[in-house]
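Visitor: Supplied in structure tokens, the structure appears directly below.
The values are calculated or read from the model by the stated rules, or taken from the named source; none is laboratory data. All figures in this text were calculated on a predicted structure; none of them were measured in a lab. Cβ sites come from the backbone with ideal geometry, for glycine too, and all protein chains shown count toward neighbours. Protein only, heavy atoms only, side chains kept; ligands, DNA and RNA dropped before computing areas. Shrake-Rupley method; radii C 1.70, N 1.55, O 1.52, S 1.80 Å.
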Amino acid sequence: MHNNGKILWLCGLLCLWLLGLCSCVFEPGPGSDAYCGCEDDGRCLLDGCVCLAGKFCVPATEEIEPGRCCPRCERDMDCNDLNLCTDDSCVEYSCSNEYNNLACNDSDPCTMDDSCRAGICTGDSLDFDGDSFISMECEGNDCDDNDADVNPAAIEGPVGSPTCSDLIDNDCDELLDGSDPNCSGNQLLQIYRSVGPGNSLPLATGLGNSLTILGNLAKVDALLPANIGLGDAILYDSDGSGSLDEICFIHKRLSSTQYDVKAASGVQAAPVTGTQHWSIFRAYTSLANAEAGNENEGIAEPLRDFDTWVGGKNLTFAGLNQAWNIACYADNPDVTAVTIDGWSTGPENYLRIFTPVGPAEVGVSQRHAGLWSTTAYRLEVDNQLALYNLEDFVRLEGLQIKNISTRAGSDRGGILSEPSTSFNEVWISANIVKAEYNNMTDSGYGIIGGPVADSGLTKIFNNIVYDFDQSYDNVGICCSGGICYIYNNTVYNCCTGFTRTSYAESWTHKNNISYCYAVDPNFMDYEYVIDALVVSENNLSTDNTSPDAEFRNKSVIFLDVGNGNFHLDGMDNSARNKGVNLSGDADLPFSTDIDGDHRSGDWDIGADEF
């Protein structure tokens with residue numbers, strides 16, 4: 001031991017012997033055996049060191065026992081952690097920073113009643129009027145946070161009610177007084193049903209998660225899975241009997257804990273408060289089942305029979321007045337061909353088959369992003385037509401359809417729409433339709449649209465169709481009858497890109513890309529007689545068949561055709577900014593592309609807007 005260590009050690013013993021009548025202030029340096037140092041909690045740093053006189057760490061002897069020393073504090077102010085939400089004090093040379101519950105300000109304009117909680121200044125979500133709904137200004141759904149009678153659970157209507165003439169959007173649905181369906185006679189009811197291919201299991205249950213339904217609002221305590229959305233069925237115990245006795249369907253997603261819901265018929269759902277006896281299912285397990293009214297067998301009877309019709313529904317029946325929206329989810333591939341038949345539809349009473357995409361529809365998009373995806377809904381059908389529509393007012397939106405053929409056969413295709421009357425309007429938009437053909441020698445097609453009778457309308461826009469390439473009569477897009485509007489589609493590697501039959505009354509096509517001849521010189525981009533029935537603007541071809549001379553013999557640069565990516569490359573100069581702006585088109589105005597991206601200025605030709 002060095003001498004300075006001995007001095008301190010002896011001095012320390014003497015101080016103890018004299019019971020504090022003298023004071024040792026000598027602190028050994030790093031070169032001393034007595035330099036033992038301190039841990040943050042006040043213990044001696046090294047083995048063999050002990051506390052001397054409650055102040056120093058020195059080499060141990062048999063006479064001195066190890067203990068705490070090197071105090072972290074002597075006064076309360078030594079323990080100030082600069083946190084308003086802790087009470088700071090020095091207790092026996094150690095700091096104590098205990099949580100308090102003082103009022104504070106977290107500087108967040110979207111909270112109220114701020115206070116210290118577990119050492120952090122935080123507040124409750126802003127609900128100024130105390131109606132349990134968060135202000136829209138703070139990403140909530142209360143359109144008037146100063147009025148407790150205005151919120152998503154309020155009732156606007158029925159006809160004749162003061163709420164139908166008070167100039168207030170009482171239920172925060174962005175529809176005021178007479179424009180709200182509840183305030184109009186024989187109101188149009190939007191109905192939602194979901195399709196989860198091959199999925200009969202519950203998406204969520206109430207274990208440890210309470211459900212409350214009041215008015216049109218369903219709220220749960222804990223976050224629900226992001227793939228829950230429009231059309232999903234909520235089964236619940238409304239009367240506390242221990243059995244599931246009510247069912248409702250999601251009509252709008254407000255957040256991961258709040259949903260706008262309606263009963264099966266589209267009216268207000270039965271209320272319930274704080275039940276944990278509930279579950280959520282897809283309404284149907286295939287699109288074909290949804291079309292036919294065959295409900296999800298995972299839903300127990302009697303709630304399973306929520307759609308009592310079979311083989312098509314009358315949406316125009318007197319006193320009914322419904323529009324149906326069937327939301328398709330990406331649970332598994334949908335492998336059953338679909339025929340839409342037996343429905344009664346009208347201009348407002350349409351059947352819409354679509355994929356949910358935005359946060360008001362679902363937490364995670366179920367739609368492709370302009371590129372074939374196995375994480376999006378897809379209808380994959382072998383050796384037959386995938387989707388056949390015979391009804392008048394139908395909308396097909398955001399689907400993926402793969403037509404697979406491994407043997408000879410006719411009528412292999414993606415979408416065929418041929419309503420039987422002259423009063424109809426069918427929309428086919430934002431779909432990806434592709435073929436996987438092997439040694440097929442018969443007809444195949446991506447999209448064919450047109451009623452059997454004259455004068456019906458077919459609107460085909462923002463679609464991508466490719467690889468219908470195995471036979472001379474494999475076609476990308478065809479107008480087969482009536483009046484067709486064919487805008488901003490991309491067709492690639494098909495024996496014929498675009499064509500029409502002699503039954504087409506008129507054909508207006510704008511901003512389309514046909515990239516077929518450039519893949520195989522035996523293919524043709526456009527094949528039809530140009531006459532007075534044809535209206536054409538800015539349609540691009542890789543051969544000389546475009547009806548628009550300045551858009552013939554063009555080469556388009558796509559991002560990655562080998563992997564089915566037909567988004568335009570930034571280096572492309574043939575299609576980018578070469579289209580006509582159709583946002584004000586008299587017959588088919590729209591302003592988005594296949595991805596849902598906004599189009600503006602000089603549009604791009606084809607389905608994608610760069």
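Visitor: Being buried (at least 20 other Cβ atoms within 10 Å of the Cβ), at pLDDT 90 or above and at negative phi, is that true of even one residue in region 527-538?
Guide: no
Visitor: If you don't mind, another one. Can you tell me which of Val580, Val519 is closer than 20 Å to Asn463 by Cβ, surrounded by fewer than 17 Cβ atoms within 10 Å (Cβ to Cβ) and over 32 Å from the mean Cα position of the chain (by Cα)?
Guide: Val519
Visitor: When you scan region 194-278 for strands (runs of 3 or more DSSP E) that lie fully inside it, which ones turn up with 2 or more residues that are open to solvent by 50 Å² or more (accessible area, probe 1.4 Å)?
Guide: Because the criterion is at least 2 residues that are open to solvent by 50 Å² or more (accessible area, probe 1.4 Å), the strands (runs of 3 or more DSSP E) in region 194-278 that meet it are 246-253.
Visitor: Follow-up question, since we're still on this one. Could you list all residues from region 539-551 that are open to solvent by 20 Å² or more (accessible area, probe 1.4 Å) and among the acidic types (Asp, Glu)?
Guide: Across region 539-551, the qualifying residues are Asp548, Glu550.
Per-residue answers, yes or no, for (1) aliphatic (A, V, I, L, M); (2) modelled with pLDDT of 95 or more:
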site: Cys248; (1), (2): no, yes
site: His251; (1), (2): no, yes
site: Leu254; (1), (2): yes, no
site: Thr257; (1), (2): no, yes
site: Gly266; (1), (2): no, no
site: Val272; (1), (2): yes, yes
site: Thr275; (1), (2): no, yes
site: Ile280; (1), (2): yes, yes
site: Ser286; (1), (2): no, yes
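Visitor: Quick one: which of Leu387, Leu399 is modelled with pLDDT of 95 or more and under 24 Å from Asn563 (Cβ atoms)?
Guide: Answer to the check: Leu399.
Visitor: While we're on this one: If the Cβ limit is 6 Å and pairs must be 6+ apart or interchain, which residue in region 508-524 that is touching a residue at least 12 places away in the same chain (Cβ under 8 Å) and charged (D, E, K, R) pairs with which residue that is open to solvent by 60 Å² or more (accessible area, probe 1.4 Å) and outside any strand (DSSP E or B)?
Guide: none
Visitor: Return yes when Ala369 is in contact with a Lys or Arg (Cβ under 6 Å, 6 or more places away or on another chain) and open to solvent by 40 Å² or more (accessible area, probe 1.4 Å) and no when it is not.
Guide: No: the conditions fail for Ala369.
Visitor: Mind checking whether some residue in region 293-307 is aliphatic (A, V, I, L, M) and either touching a His at 6+ places or on another chain (Cβ under 7 Å) or outside any loop (DSSP other than H, G, I, E, B) (or both)?
Guide: Taking every residue of region 293-307 in turn, none turns out to be aliphatic (A, V, I, L, M) and either touching a His at 6+ places or on another chain (Cβ under 7 Å) or outside any loop (DSSP other than H, G, I, E, B) (or both).
Visitor: In region 279-292, how many residues are assigned to a helix (DSSP H, G or I) and not charged (D, E, K, R)?
Guide: Adding up the residues that qualify gives 5.
Visitor: Answer yes if at least one residue in region 589-602 is buried (at least 17 other Cβ atoms within 10 Å of the Cβ), of a type in the set (Lys, Arg), farther than 18 Å from Ser429 by Cβ and free of Cβ contacts under 8 Å to residues at least 60 places away in the same chain, and no otherwise.
Guide: no
Visitor: Okay, next question. Can you pull out the residues in region 319-347 that are within 17 Å of Val267 (Cβ to Cβ) and either without any contact (Cβ under 8 Å) to a residue 60 or more places away in the chain or in a loop (DSSP other than H, G, I, E, B) (or both)?
Guide: Residues satisfying the conditions are Gly319, Leu320, Asn321.
Visitor: Would you point out the residue of region 171-193, among those that are part of a loop (DSSP other than H, G, I, E, B) and of a type in the set (Asp, Glu), that is farthest from the chain's Cα centre (by Cα)?
Guide: Checked region 171-193; the qualifying residue farthest from the chain's Cα centre (by Cα) is Asp180.
Visitor: Next up: Out of Ser132, Ser125, Ser165, I need the residue that is open to solvent by 60 Å² or more (accessible area, probe 1.4 Å), hydroxyl-bearing (Ser, Thr, Tyr) and within 18 Å of Asp260 (Cβ to Cβ). Which one?
Guide: From the options Ser132, Ser125, Ser165, the qualifying one is Ser132.
Visitor: Taking the criterion of being open to solvent by 30 Å² or more (accessible area, probe 1.4 Å) and among the polar types (S, T, N, Q), would at least one residue in region 288-298 satisfy it?
Guide: yes
Visitor: Quickly run through region 458-482 and pick out the residues that are in a loop (DSSP other than H, G, I, E, B), without any contact (Cβ under 8 Å) to a residue 60 or more places away in the chain and over 32 Å from the mean Cα position of the chain (by Cα).
Guide: Asp469, Ser471, Tyr472, Asp473
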